[in-house]
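Chemist: Questions regarding the structure given below will be posed in turn.
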Amino acid sequence: MPIMRSPAWTEDELLLAGALVVKNGWRELRTGNPEVLELSELLRSLPLHPSEALELPGFRSPDSVSRKTTDFATNHHLYTGKPTRCGKPTLLMIEAFTSREADMLQAAQALEDSIGSGELHLIPSQPGEVDDTGTSAIEGRLLVRRALARERDPKLRMQKIKQMRRRGRALQCEVCDFDFGRAYGPLGEGYIEVHHVTPLHVSGVRETKLDDLACLCANCHRMCHRNRPGESWRTPAALRELMRASSGQAALLPRSREFGPAEQ
Ligand SMILES: [Zn+2]
Ligand SMILES: [Zn+2]
């Protein structure tokens, strides 16, 4: 039987370990600390890794959790001693906790709450929760999984589309105004994708409301969800800003570069 290597820490796990260190004033926590023991047990219960991982010596053991808190503490910019060596995902998580402490603590709390409620163990993994490089949003795979499962709920989708119609609004992309019916005729009529707008750190265990959902075209939807290391998903409003900024730049390009050789 091939020997499995201990799986790398995912963003979810780093989020929980990071929150522990932040609440401890950016100081490491020792192996015997009750909070370390508790986190070790919690991490070993998450539906993230193949069950064989549990057989591996040291898999998310109190020792390994304590070592991770040392990585967080010693790689923080205020630490004056020698930093331990850690991977890029840990450094990105430190950066996220440093620049957006309240959001990240809230995300860790949302994750803990959904683990506690048993909800996360019931949601099957979703296509697109990590990209092909293994990256998820900085808030981690499990909150992403929950958001994706919610917005793919066909009942909720239907209700959202009905709500738009009731309000007399055209079924078009809230970011770029793309209208499937206008572009594709009868084939596109009534088609729109539904996106969960509430940022991952805010969406708790509460029920999804129709106003938590936005209607987007397939392109804008993909761009809201595109995973980039160390980043959160973009909200439709943020995506609109990005589009505005980049089309502003495009206007500055010389025509010859934008459209090929200039016409004579
Ligand atoms: Zn769009
Ligand atoms: Zn979405």
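The values are calculated or read from the model by the stated rules, or taken from the named source; none is laboratory data. Here the structure is a predicted model, which is why all the values come from computation and not from measurement. Ideal geometry is used to build each Cβ from the backbone, glycine not excepted, and the neighbour counts take in all protein chains shown. Calculation scope for accessible area: heavy atoms of the full protein, side chains included, ligands and nucleic acids excluded. Shrake-Rupley method; radii C 1.70, N 1.55, O 1.52, S 1.80 Å.
Chemist: Do we have any residue at all in segment 180-201 that's outside any helix (DSSP H, G or I), more than 15 Å from ligand 2 (Cβ to nearest atom) and among the aliphatic types (A, V, I, L, M)?
Modeler: So far as segment 180-201 goes, no, none of its residues is outside any helix (DSSP H, G or I), more than 15 Å from ligand 2 (Cβ to nearest atom) and among the aliphatic types (A, V, I, L, M).
Chemist: For Asp131, state whether it is open to solvent by 30 Å² or more (accessible area, probe 1.4 Å), in contact (Cβ under 8 Å) with a residue 12 or more places away in the chain and either within 16 Å of ligand 1 (Cβ to nearest atom) or under 25 Å from the mean Cα position of the chain (by Cα) (or both).
Modeler: yes
Chemist: Return the total of residues in segment 134-150 being open to solvent by less than 10 Å² (accessible area, probe 1.4 Å) and part of a helix (DSSP H, G or I).
Modeler: Final tally of qualifying residues: 6.
Every residue, every condition in (1) surrounded by fewer than 19 Cβ atoms within 10 Å (Cβ to Cβ); (2) part of a helix (DSSP H, G or I), yes or no:
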position: Ala53; (1), (2): yes, yes
position: Ser66; (1), (2): no, yes
position: Thr70; (1), (2): yes, yes
position: His76; (1), (2): yes, no
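Chemist: Can you pull out the residues in segment 180-235 that are within 10 Å of ligand 1 (Cβ to nearest atom) and open to solvent by 30 Å² or more (accessible area, probe 1.4 Å)?
Modeler: Glu193, Ala218, Asn219, Arg222, Met223
Chemist: Within segment 5-20, is even one residue modelled with pLDDT under 90 and open to solvent by 10 Å² or more (accessible area, probe 1.4 Å)?
Modeler: Scanning segment 5-20 turns up at least one residue that is modelled with pLDDT under 90 and open to solvent by 10 Å² or more (accessible area, probe 1.4 Å).
Chemist: Quickly run through segment 220-241 and pick out the residues that are away from ligand 2 (no atom under 16 Å from the Cβ) and not in a loop (DSSP other than H, G, I, E, B).
Modeler: Selection gives Glu241 alone.
Chemist: Using the structure shown, decide if Val175 is β-branched (Val, Ile, Thr), out of contact with any His (no Cβ under 8 Å at 6 or more places or on another chain), surrounded by 14 or more Cβ atoms within 10 Å (Cβ to Cβ) and modelled with pLDDT under 95.
Modeler: Against the criterion (β-branched (Val, Ile, Thr), out of contact with any His (no Cβ under 8 Å at 6 or more places or on another chain), surrounded by 14 or more Cβ atoms within 10 Å (Cβ to Cβ) and modelled with pLDDT under 95), Val175 does not qualify.
Chemist: Exactly one of (1) free of Cβ contacts under 8 Å to residues at least 60 places away in the same chain; (2) of a type in the set (Val, Ile, Thr); (3) under 26 Å from Pro47 (Cα atoms) is unmet by Thr90. Its number?
Modeler: (1)
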